[in-house]
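A.B. asks: This structure is in structure tokens; I'll ask about it shortly.
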Amino acid sequence: MRLPANRREWLELLLRGTAVVLIAVLGFRALFPAQARTGSDLIVARVADLPSLSRQSTPARIQFALDGIPTAVQRAWQNALKSAGSGVSWSGTANPVAIVARPVASPQGGYTLTAYSPDTTRLILRDNISTVDSMSMKGQPRSVVVPMASGNVRAVVGTDSAFARLSDSVIIGKILVIGKAGWESKFVMTALEEAGWKIDAIISVAPNVAVAQGSVTTIDTAHYAAVIALDESAATRATAIASFVKSGGGLVLSDLAARSGAFASLRVSAPGGAPHTSISSDTITHAEAAFSPILPSGNSVPLEERGGNVAVAAKRVDFGRVVQLGFNDTWKWRMQGGAESVSEHRTWWSNTLSQAVRSRRVTVDYAQSDPSPYTNLIDIAGHPVAPASPSQPLSQHSNEMLWLTVIGVLLFGEWASRRLRGAG
Amino acid sequence: MGWWLSDFTFCTGRYESGDWDSAPTLPANLIDSVARYTDIAVAPSAVIVPLSSPRILGFPLVYMTGHLPFRFSESERANARKLVDRGGMIFIDDHNHDIGGVFHKTAVEEITRTFGKPAELRNDHAIYKSFFAFPDGPPATSHELNGWGDNLVHKNLLAVMDGPRISVLYSNKDYSSEWNYHPDNKRFSSVDNTRFGVNIIVYALTR
């Protein structure tokens, strides 16, 4: 081999030699990854580094430095790395947020959106079109009923969000009203029919004489979504109603019906002889709203309280639900209430009934929902840890690009020098 | 009834313009019939409530009658409209049973002004079979059959409808005279002539 004749040729040789050495180093790094080469088994990375991480051989441990909850795709990628044998952890900040959307079992439709964020934060609910509502979170889940929403609903806290896909509408069967002829039975039926419910009714008028409305048939879940028992006249059908509830039907028991011993196994609690509470300034109406307080039992859930007493409560009975009312004379709300009393009475009954009815089908596409991304992150990568030392490479990919650039400059310099001096 | 559910209370509406109290024993007679034939919880005494009072809204079936010109005051008209809009029913009976009489003319005018124009009620309407069956429509009164008043047997009642439901029922058959007697005297009748009154009450309570 001929030695360089002058310093210029020595420089060209140096450039070429350096480039060859760098190429060799790169080849070595490709064959022997960083942690094996350095003895460290931890890579600190960002979610943006997921593609380059996946091109490497499986790192022993990866710590992601996060400034928010990764997307569902990124979390799936993290989970894939975990499944491939990498230990996945994360550091940084992310806002826990979750949302559930359930269709209201009512002909008027709507959705109950329940959102949660543990901190005292402002949570915003959005659908595909606009902001739906906002709420101040105080460490407890909060619910809001919206009459309509479009596409997905999203709970947003800061830069993080959870979203739930809205399900199809529920299919609701007919309602059977059983009671004596009177203003309560008449106006309960009127209110529910105005709200769009399909009603059958058995209204007792005289001994062995009842006015039937609709096509009254066997009390079972194939025909009815719920039964409303307004008074003791329903007691003659208590056995069928009990079977109906246990197989998944709903039951609304007025105070009078709950007093019947025939409903002892279904009622939330036996109505006591407590004095009635009359609330002249009641929110639903300015009419008389007397009720007999319900004494909650162990497995009951209070649904409505007035003046510190439970006015409406519910409980599960096998597969069905029972809602017990402390009220008997709700028709007075409608007739004697304020300007909006008709719609308030209608809405109250529709909402109360919707908590008892059996809805036949709810189609939820979970695959397109991300209702609780934070818990999913915890499930994959555990709770956040303290940030690891920044001495570890943050991005293998960016280093490789730098090395290739340097090699290119060296080879270009060597080639340009040779061409300028006329060498081949 | 039972614990404290309100009983049905028969209510006579008092209006300012005429002789609203021209059939004072009718309420007791109908209360007796309702108690006699049905198990509807009915208050033993009727009430008289001014139509101009908000208390009228506590009585979703209101009966009115008279012989004299029938006009609502503004407050009476507002309450009557509110009662009907919220699902109540008003039954107005012409105590004169004459189609050209002053009560009939003014009452129909007032009904039209307040609720809309009343139309003839088909004689196969549900009110004619809500408890007792009246296949021929409204039962004739003895006053009609005796040729008093306009010497006509009125074939139909008039009604203002709210969908399929009667919200205002108007009669010029003079049921107010027909039913205005002490209930003890029913024993002298082979057929109780208040039975259609029971139908009106059962209809109001169930539809």
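The values are calculated or read from the model by the stated rules, or taken from the named source; none is laboratory data. Source: prediction; values computed, not measured. All Cβ positions, glycine included, derive from the backbone under ideal geometry; neighbour counts span all protein chains shown.
A.B. asks: Only one residue in B:Ser45, B:Ser53, B:Ser33, B:Ser75 is within 28 Å of A:Val205 (Cβ to Cβ), out of contact with any Pro (no Cβ under 8 Å at 6 or more places or on another chain) and polar (S, T, N, Q), so which one is that?
C.D. replies: B:Ser45
Matching residues to (1) more than 28 Å from A:Leu50 (Cα to Cα); (2) in contact with a Leu (Cβ under 8 Å, 6 or more places away or on another chain):
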position: A:Phe64; (1), (2): no, no
position: A:Gly68; (1), (2): no, no
position: A:Leu81; (1), (2): no, yes
position: A:Thr114; (1), (2): yes, no
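A.B. asks: Filter segment A:250-278 down to the residues that are modelled with pLDDT of 90 or more and β-branched (Val, Ile, Thr), then identify the one that is farthest from A:Ser106 (Cα to Cα).
C.D. replies: Across segment A:250-278, the extreme among qualifying residues is A:Val268.
A.B. asks: Related question: Residue under question is B:Ala107, and the condition is that it be in contact with a Phe, Trp or Tyr (Cβ under 8 Å, 6 or more places away or on another chain), within 30 Å of A:Val177 (Cα to Cα) and hydrophobic (A, V, I, L, M, F, W, C); does it hold?
C.D. replies: Spelling it out, it is not the case that B:Ala107 is in contact with a Phe, Trp or Tyr (Cβ under 8 Å, 6 or more places away or on another chain), within 30 Å of A:Val177 (Cα to Cα) and hydrophobic (A, V, I, L, M, F, W, C).
A.B. asks: Condition first: assigned to a helix (DSSP H, G or I) and either of a type in the set (Val, Ile, Thr) or without any contact (Cβ under 8 Å) to a residue 12 or more places away in the chain (or both). Now tell me which residues in segment B:130-155 satisfy that.
C.D. replies: Just the residues of segment B:130-155 that are assigned to a helix (DSSP H, G or I), to begin with: B:142-145.
Matches in segment B:130-155: B:Leu145 only.
A.B. asks: Taking interchain pairs and intrachain pairs at least six residues apart, which have beta carbon atoms under 9 angstrom, with the first residue in segment A:89-112 and over 17 Å from A:Ser372 (Cβ atoms) and the second aromatic (Phe, Trp, Tyr)?
C.D. replies: Between residues of segment A:89-112 that are over 17 Å from A:Ser372 (Cβ atoms) and residues that are aromatic (Phe, Trp, Tyr), the close pairs are A:Ser89/A:Phe64; A:Ser91/A:Phe64; A:Gly92/A:Phe64; A:Pro103/A:Tyr111; A:Val104/A:Tyr111; A:Ser106/A:Trp197; A:Pro107/A:Trp197.
A.B. asks: Let me ask something additional. From the residues in segment B:28-68 that are outside any loop (DSSP other than H, G, I, E, B), within 14 Å of chain A (Cβ to nearest Cβ) and hydroxyl-bearing (Ser, Thr, Tyr), which one is nearest to A:Ala181 (Cα to Cα)?
C.D. replies: The initial filter retains those residues of segment B:28-68 that are outside any loop (DSSP other than H, G, I, E, B), namely B:28-37, B:42, B:47-50, B:54-58, B:61-66.
Now narrow it down to the ones that are within 14 Å of chain A (Cβ to nearest Cβ): B:33-37, B:42, B:49, B:54-58, B:61-62.
From the residues that got through so far, the ones that are hydroxyl-bearing (Ser, Thr, Tyr) too are B:33, B:37.
Details: B:Ser33: 15, B:Tyr37: 13 Å.
Once the filter is applied, the top-ranked residue is B:Tyr37.
A.B. asks: Within segment B:88-100, is there a residue that is modelled with pLDDT of 95 or more and more than 16 Å from the chain's Cα centre (by Cα)?
C.D. replies: Looking for residues that are modelled with pLDDT of 95 or more and more than 16 Å from the chain's Cα centre (by Cα), one finds none in segment B:88-100, hence no.
A.B. asks: Could you list, in sequence order, the residues of segment A:93-126 that are among the polar types (S, T, N, Q), assigned to a loop (DSSP other than H, G, I, E, B) and under 19 Å from A:Asn351 (Cβ atoms)?
C.D. replies: Matches in segment A:93-126: A:Ser106, A:Gln108.
A.B. asks: Take the residues in segment A:245-276 that are touching an Asp or Glu at 6+ places or on another chain (Cβ under 6 Å) and not aliphatic (A, V, I, L, M); name whichever of them is nearest to the other protein chains (Cβ to nearest Cβ).
C.D. replies: The qualifying residue nearest to the other protein chains (Cβ to nearest Cβ) is A:Pro271.
A.B. asks: Here is a further query. Report those strands (runs of 3 or more DSSP E) wholly inside segment A:127-239 carrying at least 1 residues which are buried (at least 17 other Cβ atoms within 10 Å of the Cβ), away from every other protein chain (no Cβ under 14 Å) and among the polar types (S, T, N, Q).
C.D. replies: The qualifying strands (runs of 3 or more DSSP E) are A:152-157, A:160-165.
A.B. asks: Which residue, of A:Lys246, A:Lys198, A:Lys180, A:Lys174, is touching a Phe, Trp or Tyr at 6+ places or on another chain (Cβ under 6 Å), touching a residue at least 12 places away in the same chain (Cβ under 8 Å) and among the charged types (D, E, K, R)?
C.D. replies: Only one candidate passes the filter, namely A:Lys174.
A.B. asks: Every residue in segment A:361-403 that is crowded, with 18+ Cβ neighbours inside 10 Å and at pLDDT below 65, please.
C.D. replies: Matches in segment A:361-403: A:Gln396 only.
A.B. asks: Go through segment B:43-58 and give me each residue that's of a type outside the set (Lys, Arg) and farther than 18 Å from B:Trp179 by Cα.
C.D. replies: B:Ala43, B:Val49, B:Pro50, B:Leu51, B:Ser52, B:Ser53, B:Pro54, B:Ile56, B:Leu57, B:Gly58
A.B. asks: Let me ask another. What's the number of the condition B:Lys82 fails, among (1) at pLDDT 95 or above; (2) away from chain A (no Cβ under 14 Å); (3) part of a helix (DSSP H, G or I)?
C.D. replies: Of (1) at pLDDT 95 or above; (2) away from chain A (no Cβ under 14 Å); (3) part of a helix (DSSP H, G or I), only one is false for B:Lys82: (2).
A.B. asks: Looking at B:Asn156, B:Asn199, which is the one that is of a type outside the set (Val, Ile, Thr) and more than 14 Å from every other protein chain (Cβ to nearest Cβ)?
C.D. replies: Only one candidate qualifies: B:Asn156.
A.B. asks: Now a separate question. Look at segment B:172-207 and say how many of its residues are of a type in the set (A, V, I, L, M) and touching a helix residue (DSSP H, G or I) at 6+ places or on another chain (Cβ under 7 Å).
C.D. replies: So the count comes out to 4.
A.B. asks: Do you know which of the residues in segment B:108-129 that are assigned to a loop (DSSP other than H, G, I, E, B) and of a type outside the set (Lys, Arg) is nearest to the other protein chains (Cβ to nearest Cβ)?
C.D. replies: Residue satisfying both the conditions and the ranking: B:His125.
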